[in-house]
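Accompanying notes for the structure given below.
All of the numbers you see were taken from the coordinates with simple rules; none came from a lab. Just so we're clear, the structure is a prediction, and the values are computed from it rather than from any experiment. Reconstructed Cβ throughout: ideal geometry from the backbone, glycine too, with neighbour counts over all protein chains shown.
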Amino acid sequence: MAVCTFATLADPAERERRVLATLPFLYFHFLSAEVRRPRCRTARVRSGAVKSGGPHARRTRCVLSNVPGREVRENQSPRASKAASSFLQKAYEAVGHVVGRLSKKYYFEDFVRVYPDGQGFLPLGLKRRPTRNSVNNYLNHVKFYRFAAQIVSGRRVADVGCGSGYGSEILSKAGAVRVRGCDASRSAIAFAQSHYGAFADFSIQKVTDLSQYADDSFDVSISNEVLEHVKEYGKEAEVIAEMRRVTRSNGLVIIGTPNAEMMPDHGFSFEEIQSLVEKNFQKYLIFENALVPPGGARSLWEKRVAEGRVGITIAERINLAETVWLDPGPPEVKVGIPPGRMDFAGDAFSTELLHNTHSWVVIALNEKVGAGLARASACSLSD
């Protein structure tokens, strides 16, 4: 991707956007440079000779690790290096979120997108190397789209928060008559248009303001791993409202978003996701994520199960080799009903394609019955 300087940008708004997007990155880069700087230690040489200074002269040597671009002290443990990296990442995120809140334009999120094969980009178009976890994260996003694609054939589909566009291609190839994808990220939309423009129409729009879409434009609206990015700004209800508006009456709204038991600072608890859904829909399904929460969150999940506060749990066939798992212990799959055919609102789909390791998956019927909706009494497994 070509890198341009701020001076070459004619649009003042674009210059402002790039500057604000770069501030947290520069801060992070400065801190990481301090950590990556070669660490030197001074040692006395008690025997042998050196070129100058005599046998007791001090000599300084820097020790480089065998990882390209990373220098560590001789006595610095991998755990300390990992902790430093984690601290820097959190510092970068903290500064970025401050910039996002102050600007009210969420520039921080512009480069936080999932790209094919785990690749990614930093501010100014700098490419980020894929890792095993970023590849697996991409694969899990793809599996959500393949699950949702079962019920898009012959329908108009909105991919709300489409990111780099790979999901829109999946929906199009599944038989959708038209797919329109939107995202607030200019960089992601540029990528989507250049790679998947033959399969979908892409536009730059905030998920909280789909003003380029008319009311009732779509039969199915899909949002994959998006709500959690606006939840910290208190915007998740606005996203649902817009998805309902652009989806025709008795159309479907399909959502994937993390379970907070798996991602405490980046997801929804069962009570939060259920409350959000039942305030907007009378008929819906909420599928549990497949993996048992690690660590202390496990007890929270066990308590929730004992009290019956659960979604539909499918005994999913999880490919653990394609799963993001950061806990040192082995992952464990929840016990549930066997996967198979399920009917909902006149549509049939197979839960064998579910692979939601960390996230809730919601399928809701968009019944437009006036200004307000009665509180739903329960999830409906079929109509």
Quick one: order 134, 275, 211, 223 by neighbouring beta-carbon count within 10 Å, fewest to most. 211, 275, 134, 223
Counting Lys +1, Arg +1, Asp -1, Glu -1, what net charge surrounds residue 217 among other residues with beta carbon under 10 Å of its beta carbon? +2
Give the order of 247, 131, 208, 351 when sorted by the count of other beta carbons within 10 angstrom, beginning with the fewest. 131, 208, 351, 247
Over the range 136-366, what is the percentage of antiparallel beta bridges among all DSSP beta bridges, to the nearest 5? 45
Normalised alpha carbon radius of gyration of the range 136-366 [divisor 2.2 N^0.38 Å]: 0.97
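Beyond a 26 Å Cα-Cα separation, which of these cross-linked pairs lie in this structure: 206/279; 235/279; 173/368; 231/368; 173/283; 235/283? Before the final figure, lay out the partial values.
Values: 206/279 22 Å; 235/279 15 Å; 173/368 29 Å; 231/368 24 Å; 173/283 28 Å; 235/283 23 Å.
Over 26 Å Cα-Cα: 173/368; 173/283.
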